[in-house]
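Data first, discussion second: the structure below is written as structure tokens.
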Amino acid sequence: MENRTDDRMDDRMVGRIENHQVDQAWMALRIVLGVVPVVAGLDKFLNLLTNWEQYLSPMATRMLPFSPATFMRAVGVVEIVVGLLILTRWTRIGAYVASVWLALIAVNLLTTGRFFDVATRDASLAVAAFALARLDEARARIQAPERSASLRTAEATSRA
């Protein structure tokens, strides 16, 4: 009997460690993929980090009904919103949007005929954003039974 109890305790301990590792990966991705878009979005108004218009494909520029500067400011607003979604309780939605957004940026960069290194980075970040969204889903599934167990324990304690 004692061995079964020890085995269950070992299983719970391993589960807690694995959950902690998932949480660490989730938090690291969440912080980076949340803060970086906010900073980049704010810089679309300041151009301190770079001249963002240089990354806009000539093909895209021809299709715009307004100036590239105006477009980049709109991009900045979207990036700020997406970053804030990721940093708040809407992590999954923000991460899926960031994944698509970053993939589109990578395609835009490829059509410039330059910036292949930046396109590669953004494609990699798109995969990281997708991974964050999937981790968020996994965490929700892991935490749901834990919350249920905690509620059952609390109810049993209050009845006693």
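Relative protection proxy for 83-92, 59-68, from highest mean packing down: 83-92, 59-68 (other beta-carbon atoms within 10 angstrom).
Classification of the range 70-111 by its C-alpha gyration tensor yields an oblate form. The axis ratio a/c (a ≥ b ≥ c) is 1.5 or more, and b/c is at least a/b. Between residue 48 and residue 23, the FRET efficiency estimated from the beta carbon spacing at R0 = 25 angstrom works out to 0.15. Fully extending the segment from residue 100 to residue 32 would add 22.8 nm, taking 0.36 nm per residue of separation and subtracting the current Cα-Cα distance.
Of the peptides 94-106, 113-125, 29-41, the order by per-residue mean of other Cβ atoms within 10 Å, starting with the highest, comes out as 94-106, 29-41, 113-125. Each residue of the range 37-44 was assigned a 3J(HN,Hα) from its phi angle through the Karplus curve 6.51 cos²θ - 1.76 cosθ + 1.60 (θ = phi - 60°); the sequence is x, 5, 5, 5, x, 4, 5, 4 Hz, with glycine and proline shown as x. Computed from backbone phi, the HN-Hα couplings of the range 99-113 come to 4, 5, 4, 5, 5, 5, 4, 4, 4, 4, 5, 4, 6, 6, x Hz, rounded to whole numbers (Karplus: 6.51 cos²θ - 1.76 cosθ + 1.60, θ = phi - 60°; Gly and Pro given as x).
Read-outs throughout are calculated quantities, based only on the coordinates presented, and are distinct from any laboratory measurement. It should be emphasised that the depicted structure is a prediction, and the values quoted were computed from it without experimental measurement. Cβ coordinates were reconstructed from backbone atoms using ideal geometry, including for glycine residues, and neighbour counts include every protein chain displayed.
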